[in-house]
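Reviewing the structure listed below.
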Amino acid sequence: MSGFTVFQDSYIGATIVSNRFIDEYMTEANDAQLKVYLYLVRMLNAHLETSLGDIADRFNHTEKDVIRAFKYWEKKGLLTIDYDGDNNIAGVHLVNLCKGDSNGPTVESTHKSVKVSAPSVSKKDTISDAEAAKTEEPMVNGTVSSDEYTENSVAIPMKPSFGAKELSGFSNKGGKQLVFLAQAYFGKPVTQTDLQTLAYISQILEFSDDLVDYLLQYCAEKGKKDFRYAEKVAIGWKQNGVETPEQAKGASLRYDRGVYDIMKRLGKSGSPTVKEMEYITSWRDKDGFSDELIMEACDRAVLNTDSNRFSYVQGILNKWKAQNITNLDDVKRVDEEFKKSTAQSSSHSASPKKNSAGSFGNYKQNDIDYDELSKKIYAN
């Protein structure tokens, strides 16, 4: 029997934390330990990869801080750590706290329970089916879907379950070009589940065709040819008010790990300013420099100046562009040529030069007649 994949039909944008963690473990943990554990749970729920560097950068800790937090939770029995042959952390396994009994008092045992009443609904608060159809909520199979989740104070409608007829109409009419683009970028046929996501992004999140095109291209270039990933990116853009491919490009770069690496090389922390983003975008897109070369220029700027480092990097890269430098090997070659040229120049300037009379040009000549001087001395 062939296997099949089960897909989650909607993204609820929430991370579930065990009550047992709150009851038993949260009180004694410090700030760094709490942040690290909650972030691990968040990444687990989203099925995303992370690393020591990622966690350290996100919370402004050192990698040693993160490792110490791992060790703390390992000692508490909340996770186990896998190591590779070089004794580096290769994996982290979170223990399911929902299994087993609590080891301490729960909030239910220490707090008085209260009765929660459901809000009453007056007749004037109800609406007819006809009125419901006029609302801005998406219609799904004749009913109103009012489910939504909120992050960053922006409400994002949940993905509805489109009917077969609706999907057929979407793929054969308004979404026909988008289906073609998705197949081209992702290199595989679009399934019914994929169509659900594509219709959600296009119709419910109200992405223009150009923005959907850029979204698919962005995911493909990152090697994430997956509609679940595309949906999460789309939701993130929607929350940040992205409406055009240009705005999406700026939002993507702002959260690009490479951008943060460049900022760190220049001794800066936090999100880049608009002007700083203009510099980095120009270096990457306009001039075509790799992050590796940009960071090499950053290292040189840091060694030579404490101010205007972006301008200094710009000067270095302009010179490298004129020299057709495209990689670090080119940089090394040009550096060696410069050292040889400097050494030869120093050697020539240090060598004594003879003038036409045969004397060394580095020393001042005089016109003293030593024979005449001797006669005067003896005469006296």
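The values are calculated or read from the model by the stated rules, or taken from the named source; none is laboratory data. Note that the structure is predicted; figures quoted are calculated from it, not measured. Note: ideal-geometry Cβ built from the backbone for every residue, glycine included; neighbour counts use all protein chains shown.
Points worth noting:
- Residue match in the stretch 271-279 (condition: part of a loop (DSSP other than H, G, I, E, B), under 14 Å from the mean Cα position of the chain (by Cα) and not basic (Lys, Arg)): yes
- Entry remark, the stretch 170-205: residues being more than 25 Å from the chain's Cα centre (by Cα), under 25 Å from Asn240 (Cα atoms) and assigned to a loop (DSSP other than H, G, I, E, B) number 1 in total.
- Just so you know, in the stretch 240-250 the residues that are surrounded by fewer than 17 Cβ atoms within 10 Å (Cβ to Cβ) and at pLDDT below 85 include one that is nearest to Ser202 (Cα to Cα), and it is Gly241.
- Remark: pairs (first residue in the stretch 30-55, farther than 15 Å from Lys71 by Cα; second residue of a type in the set (Asp, Glu) and in a helix (DSSP H, G or I); Cβ separation under 7 Å; 6+ apart in sequence or on different chains) = Gly53/Glu63.
- Residues in the stretch 195-230 that are closer than 19 Å to Pro160 by Cα and surrounded by 21 or more Cβ atoms within 10 Å (Cβ to Cβ): 11 in all.
- Scanning the stretch 273-287 for residues that are surrounded by 14 or more Cβ atoms within 10 Å (Cβ to Cβ), over 10 Å from Phe310 (Cβ atoms) and either in contact with a strand residue (DSSP E or B) (Cβ under 6 Å, 6 or more places away or on another chain) or not hydroxyl-bearing (Ser, Thr, Tyr) (or both) returns Met277, Arg284, Asp287.
- Residue in the stretch 326-348 that is part of a loop (DSSP other than H, G, I, E, B) and modelled with pLDDT of 55 or more present: yes
- Residue-level analysis places Arg284 among those that are within 28 Å of Leu181 (Cα to Cα), assigned to a helix (DSSP H, G or I) and in contact with an Asp or Glu (Cβ under 8 Å, 6 or more places away or on another chain).
Every residue, every condition in (1) closer than 22 Å to Gly53 by Cα; (2) hydrophobic (A, V, I, L, M, F, W, C); (3) in contact with an Asp or Glu (Cβ under 9 Å, 6 or more places away or on another chain), yes or no:
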site	(1), (2), (3)
Tyr200	no, no, yes
Leu211	no, yes, yes
Gln217	no, no, no
Lys225	no, no, no
Glu246	no, no, no
Val274	no, yes, no
Ser290	yes, no, no
Leu303	no, yes, no
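- For Lys225, the conditions (1) within 27 Å of Ala182 (Cα to Cα); (2) touching a residue at least 40 places away in the same chain (Cβ under 8 Å); (3) assigned to a helix (DSSP H, G or I) all hold with the exception of (3).
- Residue tally, condition surrounded by 16 or more Cβ atoms within 10 Å (Cβ to Cβ) and among the small types (Gly, Ala, Ser), over the stretch 39-77: 2
- Scanning the stretch 43-94 for residues that are assigned to a strand (DSSP E or B) and aromatic (Phe, Trp, Tyr) yields a total of 1.
- Screening the candidates Gly100, Gly85, Gly77 for the property of being at pLDDT 85 or above and farther than 27 Å from Tyr229 by Cβ yields one hit, Gly77.
- Every condition in (1) surrounded by fewer than 15 Cβ atoms within 10 Å (Cβ to Cβ); (2) closer than 25 Å to Val259 by Cα; (3) modelled with pLDDT of 85 or more holds for His93 except the one numbered (2).
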